[in-house]
Amino acid sequence: MKLLYGVVGEGMGHATRSKVVIEHLASRGHQVKIVVSGRAVDFLRKSFDDVTEIEGFEIRYDDGAMDRDRTVASNVFRAPGRLLENVGTYLEDVRRFAPDAVISDFESFAYTYARAHDKPILSLDNQQIITRCWHDDAIFEGHRVDFEATKAFVRAKLPRCDQYGVTTFFYPEIKEKYRDNTTLVPPILRRPILEAQRTNAGHVLVYQTSTTDTRLLDSLARMGDQRFVVYGLRRDEVRGNCLLKSFSEQGFVDDLASASAVITNAGLSLIGEALYLHKPLLCIPVKHQFEQVMNARYIARMGFGMSTEAIEDDILSAFLQDSHHFARKLSQTPTQDGNALLFDFVDRCLASFAQQA
């Protein structure tokens, strides 16, 4: 089949996960055209020939938190020009490609093409779990505004797709009205993670999304002889017991596989990789990003680590002291079979789409 694959460009998690799926599709003989925005464009062009850049939306941060007002204002201001650019892109490239079906990783323009041209569409992302599954009050307690705003946004983003594949490490009940076209599958794992060997070199891996919040380093420095390897600040530096590193895919995988524990925000990509490698997690969700709050609270609920909204010395100490308990819990949890369930689901969806053609 000829497939149009849309990848949202905010952050790199969607791009790294989509790369795994696109490689599988290519191995199955499908012809894939990718539309993507932001930093993910260059990342995907390193691996694939047919990548079309579109203008996407962006998230603005302030002091480590998502700035809701600036995010909305920036995207509304740029929307008219962005829309014109994307219309031109589709008229020139996508219509000529004439895809048989569309896969969207939370990306709107590929979805819009599918709806406008009556093409079957598979939504493959992690956000849909917010609206298509039941969550008890404890998951969004204290975050009702962010929960309702996120739920409304996700519900409006990709409505009425033919199938929804939702990647997740927790498995809440799917709402009855969505059960016919919603499937929960394990997190998507990169090949280097699948090939990594679990060890314990004694350091704690630290990753944070925002480069503007350096307070965490001060807290880490007060943790005595514990060694930390820190990614996300985009520089190479030794600072006391912290080794700061700029990003390297293989270097990051090696440091993750040999870590004793992980301190991070609560994005799905790193959580999924850490759980696969049985690494306890201390999750510090980015403020106003409800999906991260939800992920962090499920980590704590499942006994795989701790969740905190602000880093404090006593919380750090408690996590480091209890990490062996979390590691024991993880060691007793079955490890997912690579990406087998995900690939099987995608293949079945596309076979069904082909029969409908």
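The values are calculated or read from the model by the stated rules, or taken from the named source; none is laboratory data. Fair warning: this is a prediction, and the values are worked out from it, not measured in the lab. A quick note on method: Cβ atoms are made from the backbone with ideal geometry, for glycine too, and the neighbour counts reach across all protein chains shown.
Tabulated results
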| item | result |
| --- | --- |
| In segment 255-292, the residues that are farther than 21 Å from Pro186 by Cβ and in contact with a Pro (Cβ under 9 Å, 6 or more places away or on another chain) | Ser260, Ala261 |
| One residue from Leu316, Leu320, Leu342, Leu281 being within 17 Å of Phe170 (Cα to Cα) and in the same structural domain as Val253 (by TED's automatic domain parsing) | Leu281 |
| Flag if Ala138 is touching a residue at least 40 places away in the same chain (Cβ under 8 Å) and crowded, with 22+ Cβ neighbours inside 10 Å | no |
| Test: residue in segment 265-277 that is charged (D, E, K, R), within 21 Å of the chain's Cα centre (by Cα) and within 19 Å of Glu195 (Cα to Cα) | yes |
| Residue list for segment 307-357, restricted to those being assigned to a loop (DSSP other than H, G, I, E, B) and under 22 Å from Glu23 (Cβ atoms) | Thr335, Gln336, Asp337, Gly338, Asn339 |
| Those helices (runs of 4 or more DSSP H) lying entirely in segment 88-141 with at least 1 residues acidic (Asp, Glu) | 137-140 |
| Among (1) modelled with pLDDT of 95 or more; (2) not in a helix (DSSP H, G or I) - the single one Tyr298 does not satisfy | (2) |
| Checking Val154 against (1) outside any strand (DSSP E or B); (2) surrounded by fewer than 20 Cβ atoms within 10 Å (Cβ to Cβ); (3) among the aliphatic types (A, V, I, L, M); (4) without any contact (Cβ under 8 Å) to a residue 60 or more places away in the chain, the condition it does not meet | (2) |
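Rundown of residues vs (1) in the same structural domain as Ala296 (by TED's automatic domain parsing); (2) assigned to a strand (DSSP E or B); (3) surrounded by 22 or more Cβ atoms within 10 Å (Cβ to Cβ), yes/no style:
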| position | (1), (2), (3) |
| --- | --- |
| Val229 | yes, yes, no |
| Leu233 | yes, no, yes |
| Val253 | yes, no, no |
| Leu275 | yes, no, yes |
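To keep it simple, each residue is scored yes or no on (1) exposed (fewer than 13 other Cβ atoms within 10 Å of the Cβ); (2) among the basic types (Lys, Arg); (3) in a strand (DSSP E or B); (4) assigned by TED's automatic domain parsing to the domain that holds His288.
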position	(1), (2), (3), (4)
Val166	no, no, yes, no
Phe170	no, no, no, no
Lys177	yes, yes, no, no
Asp180	yes, no, no, no
Leu184	no, no, yes, no
Gln197	yes, no, no, yes
Val206	no, no, yes, yes
Gln226	no, no, no, yes
